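Since the structure comes first, as structure tokens, the remarks are kept for the end.
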Amino acid sequence: GENVEQHPSTLSVQEGDSAVIKCTYSDSASNYFPWYKQELGKRPQLIIDIRSNVGEKKDQRIAVTLNKTAKHFSLHITETQPEDSAVYFCAAKDNYGQNFVFGPGTRLSVLP
Amino acid sequence: GAVVSQHPSRVICKSGTSVKIECRSLDFQATTMFWYRQFPKKSLMLMATSNEGSKATYEQGVEKDKFLINHASLTLSTLTVTSAHPEDSSFYICSARQGWSFNQPQHFGDGTRLSIL
């Protein structure tokens, strides 16, 4: 089955700097990769996703890149702000399964 | 759009009580809903996949007789924790998939913090 690893587990950056979180997956059949942001005690919220037919997707300060050959994908946040502080989860899914497999999460702290 | 409502947000009850948690998709039809359990500072652990009109599919290690799932309509799934014990205390989150394609995002409810005394 699918296995998703995520690094780093914690990340602290200064406000205004960039943050990068990386995930690897094991199932080459996976073709959909969402990223979720979860603030303390709240629901995970979808912030961006990417499908396997593209290599990069951007939405304002957030971007995701996908390398299918290497089976890894990354979340990039530029010009970080204190409100970006949260736990970020990556996930992967293949065509045949209904379920996402989530990474263990990255706790991002943006220091003012 | 794509709002998922989960109720209640918090439950505190005595050991042996059964607790029902509701998950509703408010503005879309969800043929599939998912129930997760999340331990402090940990990732989301899938418990079961709930399909409208059929039996839920449980993940390995999850007791189906303890965690009863009902998905009677396209907008409502319920999770009942039967005869709850302190070890069942956790944060339970539901999600619903919008649309019929498997490659659609899941939208999460606010979660239910269950505390068993």
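The values are calculated or read from the model by the stated rules, or taken from the named source; none is laboratory data. Remember, predicted model here, so these are calculated numbers, not experimental data. Here the Cβ positions follow ideal geometry from the backbone for every residue, glycine too, while neighbour counts run over all protein chains shown. Keep in mind that these areas ignore ligands, DNA and RNA; they rest on the heavy atoms of the full protein, side chains included. Shrake-Rupley method; radii C 1.70, N 1.55, O 1.52, S 1.80 Å.
The conditions are (1) at pLDDT below 90; (2) touching a helix residue (DSSP H, G or I) at 6+ places or on another chain (Cβ under 9 Å); (3) of a type in the set (A, V, I, L, M, F, W, C), and B:F39 fails exactly one of them. Which is it?
For B:F39, the failing item is (2).
Filter the strands (runs of 3 or more DSSP E) completely within the range B:59-115 down to those with at least 2 residues that are touching a residue at least 40 places away in the same chain (Cβ under 8 Å) and open to solvent by less than 30 Å² (accessible area, probe 1.4 Å).
B:76-81, B:90-97, B:106-108
Looking only at the range A:67-81, which residues are open to solvent by 20 Å² or more (accessible area, probe 1.4 Å) and either among the basic types (K, R) or on the phi < 0 side of the Ramachandran plot (or both)?
A:N67, A:K68, A:T69, A:A70, A:K71, A:H72, A:H76, A:T78, A:Q81
Conditions (1) touching an Asp or Glu at 6+ places or on another chain (Cβ under 7 Å); (2) closer than 19 Å to B:K66 by Cα, marked per residue:
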residue	(1), (2)
B:S5	no, no
B:S18	no, yes
B:E22	no, yes
B:S25	no, no
B:F28	no, no
B:T31	yes, no
B:R37	no, yes
B:S43	no, no
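What number of residues in the range A:9-53 are away from chain B (no Cβ under 13 Å), out of contact with any Phe, Trp or Tyr (no Cβ under 7 Å at 6 or more places or on another chain) and either of a type in the set (V, I, T) or without any contact (Cβ under 8 Å) to a residue 40 or more places away in the chain (or both)?
Total satisfying the criteria: 3.
Being surrounded by fewer than 14 Cβ atoms within 10 Å (Cβ to Cβ), within 14 Å of another protein chain (Cβ to nearest Cβ) and either hydroxyl-bearing (S, T, Y) or assigned to a strand (DSSP E or B) (or both), is that true of even one residue in the range B:28-40?
no
Is it true that some residue in the range A:82-92 is surrounded by fewer than 17 Cβ atoms within 10 Å (Cβ to Cβ) and not hydroxyl-bearing (S, T, Y)?
Yes, the range A:82-92 contains a residue that is surrounded by fewer than 17 Cβ atoms within 10 Å (Cβ to Cβ) and not hydroxyl-bearing (S, T, Y).
Answer yes or no as to whether B:S54 is more than 9 Å from chain A (Cβ to nearest Cβ) and either in a strand (DSSP E or B) or modelled with pLDDT under 90 (or both).
Considered against the rule, which asks whether it is more than 9 Å from chain A (Cβ to nearest Cβ) and either in a strand (DSSP E or B) or modelled with pLDDT under 90 (or both), B:S54 comes out as yes.
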